[in-house]
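Data first, discussion second: the structure below is written as structure tokens.
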Amino acid sequence: KLEIPDAKKSERRQRLRDRKLVMAMVAEGITNPADLHDDFPTGVALPIMEVLHRCRSNPPTFSSLENWTPAAYALIGREDLAELKHSSMAFSSNRVENVGCAGSSTSDIDKDGLVPLESSSSMLFPDDNRIHEVGRLLRSSRPTFLRVARSVEVSDHDYERLKQEKLSLLCRRVLALPLGRGMLTLGTLEPVPAE
């Protein structure tokens, strides 16, 4: 049987207490940490601010058992996670509505799984379009077409050879797209503790 050292156990207990305090503050309607200085004495506000700082540096993940709301993430100063949680909640509710509708059309623009990654990166880096451009390049849900311009002086045999070369190049590019998407999205997965 594997024993966890006491330091790790106490750290885990402290983290759980901190997160319960944040959830209790949200339940009481405290949404702005700046209000703590006005509403509470310094001896009470400082330890609470320390709890908020610890939770900000180590927030719970979306896959954890603790179900934090976007307001809790906003309280600890992680507006990026609050927006991401809000958009994931809206996405899951839309998905449930779409599954419940019989004969609903599949007008989902996210057929490759890159839209959540693009939206989260745009929240963190609003002026940086590199992830959006990589997502556009790696999107394989749109069909690709083989277009080969034919000059007047090119013979039929040479034209067929040009089409074969272009088709071979196009096939290599299309077959490399899943590998590129995997490389792009691998770091965004939440690890499962059992793996």
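Can you confirm whether the range 146-153 contains a residue that is under 30 Å from residue 61 (Cβ atoms), exposed (fewer than 12 other Cβ atoms within 10 Å of the Cβ) and at pLDDT below 90? Outline the logic, then answer.
Looking only at the range 146-153, we keep the residues that are under 30 Å from residue 61 (Cβ atoms), and these are none.
Within the range 146-153 (the criterion being under 30 Å from residue 61 (Cβ atoms), exposed (fewer than 12 other Cβ atoms within 10 Å of the Cβ) and at pLDDT below 90), the answer is no, since none of the residues qualifies.
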Quiz item: Looking at 65, 16, 21, which is the one that is closer than 17 Å to residue 193 by Cβ, hydrophobic (A, V, I, L, M, F, W, C) and at pLDDT 85 or above?
Solution: 16
Practice problem: Give the number of residues within the range 132-142 that are under 16 Å from residue 179 (Cα atoms) and either open to solvent by 80 Å² or more (accessible area, probe 1.4 Å) or aliphatic (A, V, I, L, M) (or both). | Solution: 4
Practice problem: Name every residue in the range 110-131 that is open to solvent by 60 Å² or more (accessible area, probe 1.4 Å) and aliphatic (A, V, I, L, M), in order of residue number. | Solution: 123, 124
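The values are calculated or read from the model by the stated rules, or taken from the named source; none is laboratory data. Given the structure is predicted, the values throughout are model-derived calculations rather than measurements. Cβ coordinates were reconstructed from backbone atoms using ideal geometry, including for glycine residues, and neighbour counts include every protein chain displayed. SASA here: full protein model, heavy atoms, side chains in, ligands and nucleic acids out. Shrake-Rupley method; radii C 1.70, N 1.55, O 1.52, S 1.80 Å.
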